[in-house]
1. Please specify each residue of the stretch 84-140 satisfying the condition of being small (Gly, Ala, Ser) and under 22 Å from the mean Cα position of the chain (by Cα).
2. If only one of ARG249, ARG267, ARG241 is within 28 Å of THR36 (Cα to Cα) and open to solvent by 70 Å² or more (accessible area, probe 1.4 Å), which one is it?
3. Out of curiosity, is ALA220 in a helix (DSSP H, G or I), over 20 Å from LEU122 (Cβ atoms), at pLDDT 95 or above and of a type in the set (A, V, I, L, M, F, W, C)?
4. Take ILE138 and tell me if it is of a type outside the set (S, T, N, Q), in contact with a strand residue (DSSP E or B) (Cβ under 9 Å, 6 or more places away or on another chain) and open to solvent by less than 30 Å² (accessible area, probe 1.4 Å).
5. Conditions: (1) among the aromatic types (Phe, Trp, Tyr); (2) within 12 Å of the ligand (Cβ to nearest atom); (3) under 25 Å from LEU150 (Cβ atoms). TRP121 meets all but one. Number of the miss?
6. Restricting to the stretch 149-178, give me the number of residues that are of a type in the set (Val, Ile, Thr) and open to solvent by less than 60 Å² (accessible area, probe 1.4 Å).
7. Would a scan of the stretch 80-89 turn up a residue that is touching a residue at least 40 places away in the same chain (Cβ under 8 Å) and open to solvent by 40 Å² or more (accessible area, probe 1.4 Å)?
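The values are calculated or read from the model by the stated rules, or taken from the named source; none is laboratory data. Quantities reported herein were computed from a predicted structural model and do not represent experimental measurements. Ideal geometry is used to build each Cβ from the backbone, glycine not excepted, and the neighbour counts take in all protein chains shown. The area values use the complete protein model at the heavy-atom level, side chains included, leaving out ligands, DNA and RNA. Shrake-Rupley method; radii C 1.70, N 1.55, O 1.52, S 1.80 Å.
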Amino acid sequence: MTEAKAPYQRGGSAEDASFKEAGLRFEVDGEIATITLDRPEKRNAQTFATWSALARIGDSLPEQVRVVVVTGEGPSFSAGIDLRMFTPEGVPGQGSFGSAARQDQDSFDQSIERAQQGFLWLRRPEIVSIAAVRGHAIGAGFQLALACDLRIVADDVKFCMKEPALGLVPDLTGTKPLVDLVGLAKATDLCLTARVVEADEAFRIGLAEMVVDGEGLAKAVQDKVEQVLSTNRDAATATKRLLQGARLRTLEEQCAAERAEQAVRIRTLFAGS
Ligand code: CAA
């Protein structure tokens, strides 16, 4: 095992076991971390335990990690929230929508906020997150793909924001990146019809950066990881910060932000020369 994996050796098999229970695997290899949704027999359905495990990964991501790949085992990236949440029995140990409905507003808010933390960290400037998506990415599955910076998809991909069809709203951080990526009208169309978006359309409207055949997905992701790792780490972080802030700033403010970031880069690189 490499030194890079050390932070996870401390938790050791207990942490591994809790990830397994949450339906995912987490591996670190040097600068690359891979999160694999790993309940293929249930199409990688997600539970609160999945989101809490994702949040814990984000909380303790080893500092050397620059790229996080999020993928799913089996034919589907993820079929979204575990449908047992809709039953009176719920998911053992995690409750149901029925029990959530009985929570007071603060507790309810906190539990959704914690779930959202599982998705939010994937946008940190210090990392580039890549969703490798094959098959269905429904509801929470679609939102997890949207939480990543880039989506590389297989040609059998099927994105669907199913929540409104089930009486819910998408609440796992997906609405903003969706609108940012495809625009308000298209996002309204996709969400309020809960229709399926397949590969060609996903590429055309900007949901996917690249479409490859299923066999080529792992290689395409690996190539992208290598491209990302070929740039300077600190410059990449600063550039991502600039890009993320661009929509919120005026042109003048953005120019000022570019100058400030560049001053740090140039002083760091050339101070002694
Ligand atoms: N939760 C729990 N189990 C699920 C599941 C889910 N979301 N999706 C699939 N499964 C299970 C099936 O019950 C089945 O289990 P058994 O073999 O024990 O019967 C197994 O996974 C395989 O499923 P299928 O036979 O249906 O597989 P398929 O390849 O023919 O179809 C699918 C795949 C289109 C994804 C279909 O399973 C499906 O429509 N699943 C439900 C999708 C859904 O409605 N998800 C909720 C989205 S909304 C959301 O996510 C809300 C939120 O964030 C708040």
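1. SER111, ALA115, GLY118, SER129, ALA131, ALA132, GLY135, ALA137, GLY139, ALA140
2. ARG241
3. Here the answer is no, as ALA220 does not meet what is asked.
4. no
5. (2)
6. 4
7. Looking for residues that are touching a residue at least 40 places away in the same chain (Cβ under 8 Å) and open to solvent by 40 Å² or more (accessible area, probe 1.4 Å), one finds at least one in the stretch 80-89, hence yes.
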